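**Q** Below is one structure. I have some questions about it.
The values are calculated or read from the model by the stated rules, or taken from the named source; none is laboratory data. These numbers come from a predicted model, not from an experiment. Cβ sites come from the backbone with ideal geometry, for glycine too, and all protein chains shown count toward neighbours.
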Amino acid sequence: MIVKFNRRLLPLLALAGVSLAGATIGMASEELKPAATTAADYPAEGTLSAVAQLGKAMFYDHALSGNGQMSCATCHDPANHYAPSNALPVQMGGPNLDKPGLRATPSLAYKMTTPSFSVGAESAADEAAEAAPMQEASGVSLANAPAIVAGPMTGQAVVKADSNAPDMVPQGGMFWDGRVDSLEDQALQPMISPFEMANSDENAVYAKLKAGYGKQIEALFGKNVLDDRDMAISEAGFALARYQIEETSFHPYSSKYDAYLRGQVQLSDAEMRGLKLFEDPNKGNCSSCHLDQMVGTEMPDFTDFEFEGLGVPRNAAIPANADAHYFDLGICGPLRNDSYSSQSANCGLFKTPTLRNVATRHVFFHNGVYNNLEDVVRFYVKRDTNPETIYPKGSDGTVQKYNDVPPQYQANMDVIDAPMNRKPGQQPALNDAEIADVVTFLKTLTDGYDPSKETQKAAK
């Protein structure tokens, strides 16, 4: 997959008291412990370019934070597939590591194929993959697909030239709300987030870059770049992005399911049952958004990068939610502020994450409301058939469905796609045994599969 970066200058923007990053939030009851101290703790799995080596050094450098105690790897732990290693719904940051943010921290793995934010019809690749469950999508369908319009992209282009208003779908971009378009932007924004790395402003970041990496930046990009604040910051972001692209541990495609797609192993009976339920449009229907088939020779990323309104329950463990009038509306803010955030049809929508390494995550959804996969799958199949098992009840005994979405935006929640198209009193799309099978399949998406260990386990 060829990734094209938008190398425009990237001024770092901050909102007073509001995080601009993918939400490193946490509870004071559990200490935030960085998993890696220096880049040397995690040697590269391949040869890195000089620019990527610079990015790697920055990725692990606590000195680039306002308090000198936090690096990218603090929340994006390489030992846990670049996701948080703790079980907190949200992480802590800020000058004293005591400021909670707003959202669960997403993994940085498999970000290099993310397209820039756009609004349009589904991509040809997505449609081809969705149309061919249980088999590899053929190159013929892609070759015959409508022409695709490409803009400044970080991954593959996704907006069709013949897109019509009725099927306009928000898709792509970084973070849960898609507010920036490149790995470069994504890497830089946390540096001045008040409850992440918490540098006071761009000048503070620039000073630290010059002090710690001035010689390298000058050698790689030229003295004119080092002498220009915005250009120096932009190239630092570019270096961080190159590290995430060149370091294969960010996207190894080394799970059991990858081996299965390559014809190297067979899935167990339970795993295969789970896969079939995952793909069945009348059962789990998971693959309609979490694309699971190869397109040509490209392995699937288990996301269509599109935005969905799911209406997961409110998470009282997030400090911001103590304010009954506060709502996280995804595209509509509070972290995004542009023309898309002012469109009511986008409110309550969050980007579909990859399911790769999902079994190693400790919290799920944008607000970290669930801490196990069984409850996640159960939410999908019982949200509409048995909402009383998902949401709290009010003082009058009424189920408060969609209690984390303001009433005026609840119509944006998906009630069309299975399994969320059922009604109260109907049977859930999956029973408990089937939920267990789906979870068993999801565990095959964890990178680092070693068939010899599975053989030893079976022998015992």
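**Q** Return the residues of segment 39-55 that are modelled with pLDDT of 95 or more, surrounded by fewer than 24 Cβ atoms within 10 Å (Cβ to Cβ) and part of a helix (DSSP H, G or I); say none if nothing qualifies.
**A** Hits for segment 39-55 are Ala50, Val51, Ala52, Gln53.
**Q** Within segment 291-316, work out how many residues are of a type outside the set (Lys, Arg) and farther than 22 Å from Gly263 by Cβ.
**A** 13
Okay, residues lined up against (1) touching a residue at least 12 places away in the same chain (Cβ under 8 Å); (2) touching a strand residue (DSSP E or B) at 6+ places or on another chain (Cβ under 6 Å):
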| site | (1), (2) |
| --- | --- |
| Ala322 | no, no |
| Ser339 | no, no |
| Leu349 | yes, yes |
| Leu355 | yes, no |
| Val363 | yes, no |
| Asn372 | no, no |
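Residues are listed down the side, and each one gets a yes or a no for (1) surrounded by fewer than 18 Cβ atoms within 10 Å (Cβ to Cβ); (2) at positive phi; (3) assigned to a helix (DSSP H, G or I); (4) out of contact with any strand residue (DSSP E or B) (no Cβ under 9 Å at 6 or more places or on another chain):
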| site | (1), (2), (3), (4) |
| --- | --- |
| Ala241 | no, no, yes, yes |
| Tyr260 | yes, no, yes, yes |
| Gly263 | yes, yes, no, yes |
| Gln266 | yes, no, no, yes |
| Ala270 | yes, no, yes, yes |
| Gly274 | no, no, yes, yes |
| Pro281 | yes, no, no, yes |
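**Q** Any chance you could count how many residues in segment 412-454 are surrounded by 10 or more Cβ atoms within 10 Å (Cβ to Cβ) and modelled with pLDDT under 95?
**A** Residues meeting the conditions: 4.
**Q** Follow-up. Give the residues of segment 240-270 that are in contact with an Asp or Glu (Cβ under 9 Å, 6 or more places away or on another chain) and aliphatic (A, V, I, L, M), sorted by residue number.
**A** Selection gives Leu240, Ala241, Leu261, Val265, Ala270.
**Q** Additional query: Considering only residues that are touching a strand residue (DSSP E or B) at 6+ places or on another chain (Cβ under 7 Å) and assigned to a loop (DSSP other than H, G, I, E, B), look in segment 165-180 and name the one that is surrounded by the fewest Cβ atoms within 10 Å (Cβ to Cβ).
**A** Met168
**Q** I would also like to ask the following. Looking only at segment 168-215, count every residue that is in contact with a helix residue (DSSP H, G or I) (Cβ under 6 Å, 6 or more places away or on another chain) and basic (Lys, Arg) and tell me the total.
**A** Selection size over segment 168-215: 1.
**Q** Now for a different question. Suppose we filter Ser255, Ser287, Ser268 for residues that are closer than 18 Å to Thr446 by Cα, in contact with a Leu (Cβ under 6 Å, 6 or more places away or on another chain) and not aromatic (Phe, Trp, Tyr); which single one remains?
**A** Ser255
**Q** Name the single residue that is nearest to Tyr370 (Cα to Cα) among those in segment 79-99 being at pLDDT below 95 and assigned to a strand (DSSP E or B).
**A** Met92
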